[in-house]
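Undergrad: The structure is given below, and queries will be raised subsequently.
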Amino acid sequence: SILGEPVHRSLATVEQPLDMALMFRRSADVPTHLDELLAARPRVVWMQLGIRHDAVAEALARAGIEVVQDRCAKIELEHMPTL
């Protein structure tokens, strides 16, 4: 755990349904996670700033999973209006 929150080594161990899978991996490593992402079926797969893999993004989108590439979640959240 980190700061009292559980850490998972696999999406398979995360309680379902999953809202978002946030990726901090090199672009070249993204395809190794495709099967796991498809099995977990998060609503969104977010690839952090500097990370993109168009073929994986296309496969995820075909499966009905929203994909964000090459964007920083923290920066994007700072620009969202408060609810």
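Undergrad: Quick one: Asp35 ticks every box in (1) surrounded by fewer than 18 Cβ atoms within 10 Å (Cβ to Cβ); (2) touching an Asp or Glu at 6+ places or on another chain (Cβ under 7 Å) except a single one, so which number is it?
TA: (2)
Undergrad: Determine the pairs where a residue that is in contact (Cβ under 8 Å) with a residue 40 or more places away in the chain, located within segment 1-22, has a partner that is part of a strand (DSSP E or B) and hydrophobic (A, V, I, L, M, F, W, C) with Cβ atoms under 7 Å apart, the partner being 6 or more residues away or on another chain.
TA: Pairs that qualify, where the first residue is in contact (Cβ under 8 Å) with a residue 40 or more places away in the chain and the partner is part of a strand (DSSP E or B) and hydrophobic (A, V, I, L, M, F, W, C), are Leu22/Trp46.
Undergrad: Also: Out of Ala28, Ala39, Ala57, Ala12, I need the residue that is touching a strand residue (DSSP E or B) at 6+ places or on another chain (Cβ under 9 Å) and either assigned to a helix (DSSP H, G or I) or modelled with pLDDT under 95 (or both). Which one? Walk me through it before giving the result.
TA: Numbers: Ala28 fails: touching a strand residue (DSSP E or B) at 6+ places or on another chain (Cβ under 9 Å); Ala39 fails: touching a strand residue (DSSP E or B) at 6+ places or on another chain (Cβ under 9 Å); Ala12 fails: touching a strand residue (DSSP E or B) at 6+ places or on another chain (Cβ under 9 Å).
Exactly one of Ala28, Ala39, Ala57, Ala12 is touching a strand residue (DSSP E or B) at 6+ places or on another chain (Cβ under 9 Å) and either assigned to a helix (DSSP H, G or I) or modelled with pLDDT under 95 (or both), namely Ala57.
The values are calculated or read from the model by the stated rules, or taken from the named source; none is laboratory data. All of these numbers come straight from a predicted model, not from anything done at the bench. Methodologically, a virtual Cβ is constructed for each residue, glycine included, from the backbone with ideal geometry; neighbour enumeration extends over all protein chains shown.
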